[in-house]
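This report refers to the structure that appears directly beneath it.
The values are calculated or read from the model by the stated rules, or taken from the named source; none is laboratory data. Predicted, not measured: the structure shown is a model, and the values here were computed from it. Here Cβ is always computed from backbone atoms with ideal geometry, including for glycine, and neighbour counts include all displayed protein chains. Note: areas computed on protein heavy atoms with side chains; ligands, DNA, RNA excluded. Shrake-Rupley method; radii C 1.70, N 1.55, O 1.52, S 1.80 Å.
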Amino acid sequence: MAATQALHPGSRRRVRLDEHLPVDHRLSQVYRAGAGLMGLVLLAFGILGLIDRIGFFDTGGDTVAGLNTNGALSVLSICVGLLLFAGMVVGGNFASTLNMTLGVLFILSGFVNLALLDTGANFLAFKMQNVLFSFVVGLLLMFFGMYGRVSGGLPHDNPYWQARHRPDEF
């Protein structure tokens, strides 16, 4: 962006989120597969929760696929599942960044809901199995999002390695 401003001092340029990151089309398949798989799991869980016609903020202990749920958690799961499907369709760095971001949010959600387990503020009806599921989904999403982007042993032909190392450094 600085080079563009140096050439055209008065111009403003719209910056995209992942513009500075290289694109590796081979890794895009991993990002898409991860987003699609996790989206499918969340979408199925949400749909099964809605089919059971559980109350929206019911904390009565209704279970779907071994996890406690209510209407709010089902709708939230469907929304996140659809967001992951959108990431699968777009692919590339967007899918990778979306996977990493949602992975971190799932882990944070696990910690927050762990603190709220036996309180009146547990409006998503989480139980311990939901917290563990949130941690597992978060770790899987982070794995799929970071695959091939974050490692100490990336090969030298990896575009992420090349973006971090200038040719005159090696």
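The table for this structure:
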read-out: Share of pairwise Cα separations in the stretch 29-135, more than 17 Å, in percent; value: 53 percent
read-out: Rg/Rh (Cα only; Kirkwood hydrodynamic radius) as it applies to the stretch 78-126; value: 1.13
read-out: Protection proxy ranking, peptides 127-134, 140-147, average beta carbon neighbours within 10 Å, highest first; value: 140-147, 127-134
read-out: Sulfur and carbon atoms: percent of accessible area, the stretch 52-125 [1.4 Å]; value: 71 percent
